[in-house]
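Below is one structure, written out as structure tokens, with a few remarks after it.
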Amino acid sequence: VIDSGFCKLKVYNPKIGMDTLLVTPISKANANQRKGRAGRTGPGYCFRLYTDRQFKDELMEATIPEIQRTNLSAVLLLLKSLGVKDLMQFDFMDRPPNDTIMSALYQLWILGALDNTGELTQTGRQMVEFPLDPPLSKMLLYAHEHGGCSEEVLIIVSMLSVPSVFFRPKDREEESDAAREKFFVPESDHLTLLNVYLRAKQYRFDAAWCTRHFIHSKGMRK
């Protein structure tokens, strides 16, 4: 095993409201786990590309818990539905940063899941029933109540709930980009996803058709 001392970590940035993949130093626990990989089926070696001093002085004991680096909207909505009054004082085992909690509460208020006093609304009660991010569950509810486009929105939410259905092989980038452009809807990436699904449905999610258009047939069927 060759241990570079780094890993990619998904971190939620409350200022921009998005997840980012950051290259960060691993923890001592990570390093020991990587070392263990070398001797799983027989004697092996682990080469670490950092010094003993860096291991002792610079690496953290354990990885930052995921609850401290993730979007908390769904968690806080669930806690509200369970009757927790003051989320700022809630006794988390690993307390997330206050910025992340405030950002999640603001998002829930914007979506209409919480009222001005921080209490759960009727919309919030409906949203918590969905196993989805709050913005996606609100989108489904809104489409049903006001849009008359539930089926299309349901497809878009489903497409957003699986890993990207497009693949881009290293040696065929231009070819795959050209294939993707055939489905492109200038107004919106979401409408592009809807278009991809409807075209694939026309061809009954045929694996050969999907491969020809650089689409994951497994993801489409899911």
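The values are calculated or read from the model by the stated rules, or taken from the named source; none is laboratory data. Everything quoted here is computed from the prediction, not taken from an experiment. Glycine also receives a Cβ, built like all others from the backbone with ideal geometry; neighbour counts cover every protein chain displayed. Please note that ligands, DNA and RNA were not included when accessible areas were found on the heavy atoms of the full protein model with its side chains. Shrake-Rupley method; radii C 1.70, N 1.55, O 1.52, S 1.80 Å.
Can you compute 3J(HN,Hα) from phi for each residue in the range 5-15, using the Karplus curve 6.51 cos²θ - 1.76 cosθ + 1.60 with θ = phi - 60°, rounded to whole Hz and x for Gly and Pro?
Here the 3J(HN,Hα) series is x, 10, 8, 9, 10, 7, 10, 8, 9, x, 5 Hz.
Take the chain, connect every pair of alpha-carbon atoms lying under 10 Å apart with a spring to form a Gaussian network, then pick out the residue of Val75, Val84, Val162 with the largest mean-square fluctuation.
Comparing Val75, Val84, Val162 in a Gaussian network model of the chain, the most mobile one is Val162.
Taking springs between alpha-carbon atoms closer than 10 angstrom, which of Arg180, Arg125, Arg53 fluctuates most in the Gaussian network model of the chain?
Among Arg180, Arg125, Arg53, the largest mean-square fluctuation in the Gaussian network model of the chain belongs to Arg53.
Can you bin the range 56-174 into rounded, prolate or oblate? Criterion: square roots of the alpha carbon gyration tensor eigenvalues sorted a ≥ b ≥ c, rounded for a/c under 1.5, prolate for a/b above b/c, oblate for the rest. Mind showing how you got there, number by number?
On the way: a/c = 2.92, a/b = 1.03, b/c = 2.84.
Since a/c reaches 1.5 but b/c is at least a/b, the shape of the range 56-174 is classed as oblate.
Say R0 is 30 Å: what FRET efficiency, to the nearest 0.05, do Ser81 and Asp189 get from their beta-carbon distance? Working shown, then result.
Numbers: r = 31 Å, r/R0 = 1.03.
Approximately 0.45, to the nearest 0.05.
Go ahead and set up a Gaussian network model of the chain, Cα springs under 10 Å, then flag whichever of Thr123, Thr211, Thr192 fluctuates most.
Of Thr123, Thr211, Thr192, the most mobile in the Gaussian network model is Thr211.
Taking amide H positions as placed 1.01 Å from N in the peptide plane, with prolines and chain starts having none, which residues 5 or more places from Asp3, or on another chain, fall under 5 Å of its amide H?
Those lying under 5 Å, H to H, from Asp3 are Phe47, Arg48, Leu49.
Could you let me know the centre-to-centre spacing of the range 158-215 and the range 136-155, using Cα atoms, in angstrom?
22
Note down the nm distance, to one decimal, between modelled labels 7 Å out along Cα→Cβ at Ala178 and at Thr121.
4.9
Would you mind calculating the gained length between Met18 and Leu160 on full extension (0.36 nm times residue separation, minus the Cα-Cα distance), in nm to one decimal? Can you show the working numbers first?
Working: separation 142, 0.36 × 142 = 51.12 nm, distance 1.46 nm.
Between Met18 and Leu160, full extension yields an extra 49.7 nm.
Using only helices, what value at 222 nm comes out for the chain when you add -39,500 (n - 2.57) per DSSP H run of length 4 or more and divide by the total residues, to the nearest 500 deg cm²/dmol?
Numbers: 11 runs with 98 residues, N = 222.
Computed ellipticity for the chain at 222 nm equals -12500 deg cm²/dmol.
Determine which aspartates and glutamates satisfy two conditions relative to Lys85: a Cα distance under 16 Å, and not lying fewer than 8 residues away in the same chain.
Asp115, Glu119
Relative to the compact-globule scaling 2.2 N^0.38 Å, provide the ratio for the alpha-carbon radius of gyration of the chain.
1.31
Residue by residue through the range 210-215, what is 3J(HN,Hα) from phi via Karplus (6.51 cos²θ - 1.76 cosθ + 1.60, θ = phi - 60°)? Round to whole Hz and write x for glycine and proline.
Computed from phi, the couplings for the range 210-215 are 4, 4, 5, 9, 6, 10 Hz.
With a probe of 1.4 Å, find how much accessible area the range 1-127 has per residue, and write the answer as a whole number in Å².
Numbers: 8390 Å² over 127 residues.
About 66 Å² of surface per residue is accessible.
Obtain the nm distance between the two label points defined at Ser27 and Thr63 by a simple spin-label model: each point lies 7 Å from its Cα along the Cα-to-C-beta direction.
About 0.9 nm separates the two model spin labels.
The range 23-110: percent of C-alpha pairs farther apart than 16 Å? Write down the numbers at each step before the final one.
On the way: 2487 of 3828 pairs.
So the pairs more than 16 Å apart make up 65 percent of the total in the range 23-110.
Which whole-Hz ³J(HN,Hα) couplings does the range 68-77 yield from phi under the Karplus relation 6.51 cos²θ - 1.76 cosθ + 1.60, θ = phi - 60°, glycine and proline marked x?
8, 9, 9, 6, 9, 3, 5, 5, 5, 5
For the range 102-130 and the range 1-74, compute the distance between their C-alpha centroids and round to whole Å.
34
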